[in-house]
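Each remark here refers to the structure printed beneath this line.
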Amino acid sequence: MTGNNVAARDGFSSKFGVVAAAAGSAVGLGNIWRFPYVAGENGGGAFLLIYLGFILTIGVSVMLAEFIIGRRSQSNALGAFKKLAPSSLWWLVGVMGIIAAFVILAFYTTIAGWTLEYLFQAIGNGFSAKNAAEISGMFDSFQHSTARPLIWQLLFMGLTAAVILGGVQKGIEKYTKLLMPMLVLLIVIMCVRSVTLDGAGEGLKFLFKPDFSKITGNVVLEALGQAFFSMSIGMGALITYGSYVQKDNRLPSTTFQIALADTGIAILAGVMIFPAVFAFGVQPDAGTGLVFQVLPIIFQQMPGGYIFGVFFFLLLTVAALTSTISLLEVVVAWAIEELKMTRRKATILFAAAISVLGVLATLSFSELSEFKLFGKTIFDNLDWLSANLLLPLGGVFIVIFLGWILGPKIIADEVTNQGTIKMKLLKIFIFILRYLAPIAILLVFLNGIGVFGGN
Ligand code: PHE
C-alpha cells in the first residue's frame, strides 16, 4: 500500500496530519480536567510518581502497539483484529474498544459541556468581582440545574459530529500546529500566576513531594487508569489513527513525542491548579468540579484576566473537541467499514445513541444525583468503568495480541520500517509487551479492586 492509498482512505493530507491528530486525541480534558481532579483525590505526589512510571513503561508500549497494529492492518479498531487474525475471537477486543469509546464519549461530553458554559461565562465577564465562595457557588448552581448542562452537552456532541461528517479532520492539523502551542503558552503563563500566589508552596509540595503513606491499591489503579485515559490508549483510537499513518513514519519516535507532550501538559496543568487550590483554600479532593472552581479565581488574580479566561476556555474547548473526534471516529470508522453504513448515517446514528447515555451522565449531577450503583453516580460509574477497567483490559489484549500473536518478527519489521532504521529498545519493548505489561496491569487491577485484601 502506498502513501497515496493511505491518503485516499481517509483524507489526511500530509504525513504530519495524522501524528497531529493523535496528539490532539491524547491532549484534552484528560490532562486539564481529569488529571488534577484524580491526582487531588489520590494524594498528589505519590500518585504523580506512579502515574509517570506507568506512562514510561506500559503507556508508551501500548501506544506503540496500537500504532503498529493500525498501520499493519490498514483497518479500523475492530477490522484490524479480523484482518490480522482471521477466524479467531480477537475481534472481540475491537468490540470492547467500541464500547469504551461509547462510554467515554457519554461522560466526556458532560465535561466538555461545562467547558462551553465557562467559555460563555468568561465572554460575558461572569466571573468578575466574585470571591472564591461565590465562584464555587456558581459552579454548584450550574451543575445542579437541569437544562443548561444538557444543552451545552448536546451542542458539543453536535460539533463533534459536524467535524466527523466533514470527512476526516482536515482542520486538526492546523489546530495542533497552532492552537495547541497557544494552549501550552497560556497554561505556562497561568502557572506563573499560580505559583506566585500567597501560600502557593503548599500546592507544589502536594504535587511534587510524594507521601508514600498515601499509596493504596486503589491509588495505583487510579494512576494506571489515568495514564490510559490521558494517552487515549486501550480502546483502538490509536489503532484507527495508526491505520492512516504512512509507511515511513518512525513509530517509536512518534510515540515518544506524543507521550511527552501529553504528560508534559498534564504536569503543567497540575502546576497551574494545585498552588491556586491551596492558596484559595479549596479542597484538593473536591472531585470532578476541582478545576472549574479554581480556574476562574486564577483569572481574576491576573492582569488581563478577562482575555486570558476567554482564550483559555476557547482553547480547552478545541482540545476537548480533538479528543471527542478521535472517539467518535472509532465508532464511525467501524460502522462504515464493517456495517457498510455511509459516513453520514453512521455519524448521525451513533452521535444520537451516545447522547442518550450522555444525558444520563449529565443528569447525575442534578435529577439523578441520588441514583447510585456500587455507591457511585452514573457519571462516576462511566468514568471509573472506562478508565480503570475497559482501557487497561483493552491494553492487556492489545499487548498480548502484538507480543504473542503477531510476534517479534512483525514487531521488528514495523518499528524499524523493514530494517531501514534502528530501534535500540526493541528487546525491552518486546519484553514489556509479552510479560511485564499484561501481568502488571492484571495485578494492579485485581489489587485495586481489593482482591488481595487491603484497601
Ligand atoms: N485522551 C483524551 C484526553 O485526555 C481522552 C480520550 C481517551 C480520547 C480515550 C480517546 C480515547 O482528553
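The values are calculated or read from the model by the stated rules, or taken from the named source; none is laboratory data. Keep in mind that this is a model prediction, so the values were computed, not measured. For neighbour counting, all protein chains shown are included, and Cβ atoms are generated from backbone atoms with ideal geometry for every residue, glycine included. These accessible areas exclude ligands, DNA and RNA; they are computed on the full protein's heavy atoms, side chains included. Shrake-Rupley method; radii C 1.70, N 1.55, O 1.52, S 1.80 Å.
Reported count of residues in the range 240-257, each being polar (S, T, N, Q) and in a helix (DSSP H, G or I), is 5.
The rows are residues; the columns are (1) surrounded by fewer than 22 Cβ atoms within 10 Å (Cβ to Cβ); (2) not hydroxyl-bearing (Ser, Thr, Tyr).
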residue	(1), (2)
THR216	yes, no
LEU224	no, yes
GLY236	no, yes
LEU251	no, yes
THR263	no, no
GLY281	yes, yes
LEU290	no, yes
GLY304	yes, yes
THR324	no, no
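Just wondering, is there one or more residues in the range 279-289 that are touching a residue at least 12 places away in the same chain (Cβ under 8 Å), part of a helix (DSSP H, G or I) and touching a Phe, Trp or Tyr at 6+ places or on another chain (Cβ under 9 Å)? Within the range 279-289, not a single residue is touching a residue at least 12 places away in the same chain (Cβ under 8 Å), part of a helix (DSSP H, G or I) and touching a Phe, Trp or Tyr at 6+ places or on another chain (Cβ under 9 Å). Residue pairs whose Cβ atoms lie under 8 Å apart, sitting 6 or more positions apart in sequence or on different chains, and linking a residue in the range 57-74 that is in contact (Cβ under 8 Å) with a residue 60 or more places away in the chain to a partner that is open to solvent by less than 10 Å² (accessible area, probe 1.4 Å) and of a type in the set (D, E, K, R), are ILE68/GLU414; ARG71/GLU414; ARG72/GLU414. Criterion first (touching a residue at least 12 places away in the same chain (Cβ under 8 Å), part of a helix (DSSP H, G or I), within 20 Å of PHE67 (Cβ to Cβ) and within 16 Å of the ligand (Cβ to nearest atom)) does LEU159 satisfy it? Criteria not met by LEU159.
Rundown of residues vs (1) within 16 Å of the ligand (Cβ to nearest atom); (2) of a type in the set (A, V, I, L, M), yes/no style:
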position	(1), (2)
ALA259	yes, yes
VAL271	no, yes
ALA286	no, yes
VAL294	no, yes
PHE308	no, no
LEU316	yes, yes
LEU339	no, yes
LEU349	no, yes
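Figure legend. Inter-residue proximity from the range 92-114: first residues free of Cβ contacts under 8 Å to residues at least 60 places away in the same chain and outside any helix (DSSP H, G or I), second residues more than 12 Å from the ligand (Cβ to nearest atom) and of a type in the set (Phe, Trp, Tyr), beta-carbon distance below 8 Å, spacing 6+ or different chains. No pairs are indicated. Residues in the range 58-100 that are of a type outside the set (A, V, I, L, M, F, W, C) and open to solvent by 50 Å² or more (accessible area, probe 1.4 Å): ARG72, LYS82, LYS83, PRO86, SER87.
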